[in-house]
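Enquirer: Submitted below is the structure of interest, expressed as structure tokens.
No lab work stands behind these numbers, since they all come straight from the coordinates. What you see is a predicted model; the values in this text were computed from it and never measured. With ideal geometry, Cβ positions are generated from the backbone for all residues, glycine too; neighbour counts draw on all protein chains shown.
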Amino acid sequence: MRLEQQKNKVHVDVKFPLIFIHTPFGLTFFDIVAKTKAARIYARFNTYLMPLITAFALFLIVGSLIALFSNGTARDFQRSVGPRGVLLIPVLNPFFPVTYGLIALIITLVIHEAGHGIVARVHNIRVESTGILLFLGIPVGAFVNIEQELLVKASMKQKSAILTAGALNNMILAAISLITLYFVISTLTPIATSGESKTGVVVMSVNDGSLASKIGLSKESIIQTIAGQKVHGVDDLGKLLRSNLGHNIQITWQDKTGQKISRSISLPPFVSSNKGILGIAITDVTPNPSLVLQRYKSWFTSNPIALLAPPTLGQGMLLVPYSDLMAPKYESNILGSSFPIVANILFWIWFINFNVGIFNALPITFLDGGSWYNSLIESRTQKSKASMVKNASLLLSLIMIGIVIMSIALPYFIR
């Protein structure tokens, strides 16, 4: 009776700086869904899919490290984004739209934790509560509190299904959102415009300490000429700069207030082909709406990872058809003027679910992936070697944490 009373109440655990708010919400829903045939099939289907998600996550992280080691432009871009750009938390992440980001984050966390709760109930393991995790009062996660005694006694197959369900739910929802986003994009048609198109390139960001920052080139400026020659697009800028390496040249641009500025700059005698010269991120000043739409649609089949570029970040503002800057250039034959709202919600659901699913599959102790691999090691090891298992799990976690930190910090150590 006492346990049932506690389950029906909201209570708070404080472990500074973390605050755990336990609630009974969703427990009845878990019980109802767990009794369905679909839930039982899903619990069997996902049993050993965690290694596949982990392998994909490691592939992406290693690929990112290789790109950062070999590509100076990639390092410049990551420095321009800053450390806060890796946080999946609205407000703390300057590129997260509060409304879209918060809606998508809530959906992501609910779907993730519902996966754990439902599959736990499929295997008759009690879920004691659901809840929200706060860090210094800021919502950063959600959880389901599964009865630990029953979970410890569960078989490896049961533990595997429960631990995998969260990340797999996120990956499935990410895929559904991405497919739906494609159909929304397919309804768009560029709006015909008249008038002469402008030339130049728009500065999307300027790296600290770069050549551009030293001459006062600022974000949202339009670079118009290099060494007296007009800049017609992104390719022109690179060619003109490299043809003048080692020389003192004039750069002319128009800042965001409309003021025309000209500065002299000394270019270095040599810059490797994979590194930027000015230290800026740029895009065409007037991208062709038809080409932007065509290229974006091609990414769905040719390069899905490119679709992770947020419409609020750097070139994404001019390369994504539903960004604030590009949306007015299109009309939807189904959704009308509301298509940017639908497209942005779908994007952020895809973006956050994909990243949360991938991250949770990493073999780090406090993540689902870490718990999965710990359980696997324990199930294959004798009890007398418990300390060895613990040390092996800790070592694996530390190595993985080191790789993640390296992927974030590398651009600040290699210029």
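Enquirer: Rounded to whole Å and sorted largest first, list the principal axis extents of the Cα atoms in the stretch 1-109.
Expert: Per principal axis, max minus min of the Cα coordinates gives 63, 36, 27 Å.
Enquirer: Could I ask something else about it? Helix 98-122 sits at what angle to the longest principal axis of the chain, using alpha carbons and giving 0 to 90 degrees rounded to 10?
Expert: Approximately 30 degrees, to the nearest ten.
Enquirer: Then there is this: Listed here are the pairs Lys230/Lys275; Lys9/Lys153; Lys15/Lys35; Lys157/Lys297; Lys15/Lys390; Lys157/Lys390; which of them are more than 31 Å apart at the Cα? Mind dumping the intermediate values first?
Expert: Values: Lys230/Lys275 23 Å; Lys9/Lys153 27 Å; Lys15/Lys35 35 Å; Lys157/Lys297 40 Å; Lys15/Lys390 24 Å; Lys157/Lys390 21 Å.
Long pairs (Cα-Cα over 31 Å): Lys15/Lys35; Lys157/Lys297.
Enquirer: Compute the separation of the alpha-carbon centres of the stretch 86-133 and the stretch 35-76 and state it in Å as a whole number.
Expert: Each part reduced to its Cα centre gives a spacing of 18 Å.
Enquirer: Using Cα-only point scatterers and the Debye equation, what is log10 of I(q)/I(0) for the chain at each q in 0.08, 0.09, 0.11, 0.12 Å⁻¹, rounded to two decimals?
Expert: -0.55, -0.68, -0.94, -1.06
Enquirer: Additional query: Treating only the Cβ atoms of Lys and Arg (+1) and Asp and Glu (-1) as charged, compute the dipole magnitude of the chain about its Cα centre; round to the nearest 20 debye.
Expert: The dipole magnitude comes to about 780 debye.
Enquirer: To the nearest Å, what is the center-to-center distance of the stretch 242-319 and the stretch 207-232, using C-alpha atoms only?
Expert: That distance is 10 Å.
Enquirer: Identify all aspartates and glutamates with a Cα-Cα distance to Lys219 below 13 Å; exclude those on the same chain that are fewer than 8 residues away in sequence.
Expert: Straight-line reach from Lys219, under 13 Å: Asp208, Asp255.
Enquirer: Between Phe59 and Ile89, what is the spin-label point distance in nm, taking each point 7 Å from the Cα along the Cα→C-beta axis?
Expert: Output for this residue pair reads 3.1 nm.
Enquirer: Find, to one decimal place in angstroms, the Kirkwood hydrodynamic radius of the stretch 107-257, where the mean of 1/r is taken over every pair of different Cα atoms and then inverted.
Expert: Here the Kirkwood hydrodynamic radius works out to 21.3 Å.
Enquirer: Counting other Cβ atoms within 10 Å of each Cβ, which trypsin sites (Lys or Arg not before Pro) in the stretch 295-402 have at most 10 and sit in a DSSP loop?
Expert: For trypsin sites (Lys or Arg not before Pro) across the stretch 295-402 that sit outside H, G, I, E and B with at most 10 neighbouring Cβ atoms in 10 Å, the list reads Arg380.
Enquirer: Rounded, prolate or oblate for the stretch 57-182? Axes are the square roots of the Cα gyration tensor eigenvalues, ordered a ≥ b ≥ c, and the cut-off for rounded is a/c under 1.5.
Expert: Note, shape of the stretch 57-182 comes out prolate.
Enquirer: Let a ≥ b ≥ c be the square roots of the eigenvalues of the Cα gyration tensor of the stretch 201-284; is it rounded (a/c under 1.5), or, if not, prolate (a/b larger than b/c) or oblate?
Expert: rounded
Enquirer: Average projected area of the Cα convex hull of the stretch 214-262, in nm²?
Expert: On the way: hull surface 14.0 nm².
One quarter of the hull surface, i.e. the mean projection, equals 3.5 nm².
Enquirer: Still on this structure: Could you state the angle between the C-alpha long axis of helix 72-81 and the longest principal axis of the C-alpha atoms of the chain, as a value from 0 to 90 degrees rounded to the nearest 10?
Expert: The angle comes out at about 70 degrees.
Enquirer: Something else now. Going highest first, how would you order 300-307, 234-241 by mean Cβ packing within 10 Å?
Expert: Result, highest mean Cβ count within 10 Å first: 234-241, 300-307.
Enquirer: Here's a follow-up. Where does each of 319-326, 134-141 land if you order them by average Cβ count within 10 Å, highest first?
Expert: The most tightly packed comes first, giving 319-326, 134-141.
Enquirer: Continuing with the same structure: Report, in degrees rounded to the nearest 10, the 0 to 90 angle that the Cα long axis of helix 289-302 makes with the longest principal axis of the chain.
Expert: Tilt relative to the chain: about 40 degrees.
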